[in-house]
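See structure below.
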Amino acid sequence: MALLHGGQLQQVAKQYNIPPSDWIDVSTGIAPISYPIPIIPLSVWQQLPQQNPDLIAAAQQYYQCSQLMITNGSQAIIKALPALYRQKNAESQDVYLPERGYKEHAHAWKNAGYNLHFYQEFLPEMSEILPNSVLVIINPNNPTGQFFNGQVIAQYQERLKLVNGLLVLDEAFIDVVPGNQSYCNQLENSHSLVLRSFGKFFGLAGVRIGFLVANRYWCGAFKELLGPWQINGPAQLIAQHALQDTSWQTRQKDTLTRLRIAQEHMLRQAFPQIILREINGCNLFLTLSFHQQDTAKKLYHLLCQQGVYCRLADEQDTLRFGITTEELLERLTLACRQAYQQLT
């Protein structure tokens, strides 16, 4: 059974009988400003996509790593990894995952027959991690925004190596974390790997590009499994230009920081502390939790009635708002204020 994610605007618009063009869609963590599409030569459209060495070099520089492979989004790796890891380690049967987080991870390991162990705010005790097990860390976490620093990651990486396990780091949103805090340059063996998303920070989720950062073994195993022509030629060229454009990347980070600060201030004003417990997230999304568990579901419905689509958590108790533009912030503000008035 497929999981429900944000970005289902057509479905939600039909449910509330409002044309899709009339909505503010803040249901995802995709940047609201996209990298400008460069001119794409006709030959790139005509030819079968080959591996682009300039793209690989640009990605290695951007992610500060020596080994990686390009994929059609992180989802391809998430789905294939459990079965592939069982081929490598037949003794593996346990996986540790965040209780709140991108649900496709748990979905994939469960479908492969693994025993799922969920942790909450804190990572599992290292002494309790079972032999041959897998630890999944979403860093920063979506939707909680929780972030574990490199020193903590290094300790768990060493522990997983000692117990012949695997550390899986999902860094889909780490581009907007201040400072270069990615773990991509710390992978030396087949006991750890990192997933990176291209589309979120660059605002181009539609091109479906992700990267697996790992050692030679994992890159080779996934290349053999996934086969040729995974990424179309135009998408590769767009990604190459974006990863090389350091000036645009700096401007994007500054813009997203400014937009996030303004939107968080607005949300705290629109939803006062009498109902709002806390706001967490990063410069690509903000997650609101409330004192009453049913508040999120009620506000979600009231916002949808005004053509504002945010993400109601699977647990039905938090709302996640993607970052919107300055042009749409005023309308979002009015909708949030009206939803609160109707709620109370």
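The values are calculated or read from the model by the stated rules, or taken from the named source; none is laboratory data. What you see is a predicted model; the values in this text were computed from it and never measured. Neighbour counts run over all protein chains shown; Cβ positions are idealised from the backbone, glycine included. Ligands, DNA and RNA are excluded from the accessible area calculation, which covers all protein heavy atoms including side chains. Shrake-Rupley method; radii C 1.70, N 1.55, O 1.52, S 1.80 Å.
Structure summary
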read-out	value
Heavy-atom accessible area per residue - the chain, 1.4 Å, Å²	48
Region 154-245: chymotrypsin sites (Phe, Trp or Tyr not before Pro) in DSSP coil with no more than 15 other Cβ atoms inside 10 Å	W229
Fraction of accessible area attributable to carbon and sulfur, the chain (%, probe 1.4 Å)	49
Debye, to nearest 20: dipole size of region 263-314, +1 on Lys, Arg Cβ, -1 on Asp, Glu Cβ	80
Charge dipole of the chain about the Cα centre (unit charges at C-beta), most positive-ward option of G203, G220, Y63	G203
Net charge, Y102 excluded, C-beta distance under 13 Å - Lys, Arg +1, Asp, Glu -1	+1
Percent of C-alpha pairs per 5 Å bin, region 247-344, short to long	2, 13, 25, 27, 17, 8, 4, 2, 1, 0
Calculated from backbone phi, Karplus (6.51, -1.76, 1.60) coupling profile of region 54-67 in Hz, x at Gly/Pro	5, 5, 4, 5, 5, 5, 4, 5, 5, 8, 6, 9, 9, 10
All Cα pairs of region 109-246, percent lying beyond 20 Å	53
Sum of -39500 (n - 2.57) over DSSP H runs of 4+, divided by residues of the chain (222 nm, nearest 500)	-12500 deg cm²/dmol
Residue (of T250, F173, P53) at the positive-pole extreme of the chain, dipole from beta-carbon charges	P53
Cα-based Rg / Dmax (Å) for the chain	20.6, 59
DSSP-defined beta bridges in the chain - what % are antiparallel, rounded to 5	55
Debye, to nearest 20: dipole size of the chain, +1 on Lys, Arg Cβ, -1 on Asp, Glu Cβ	380
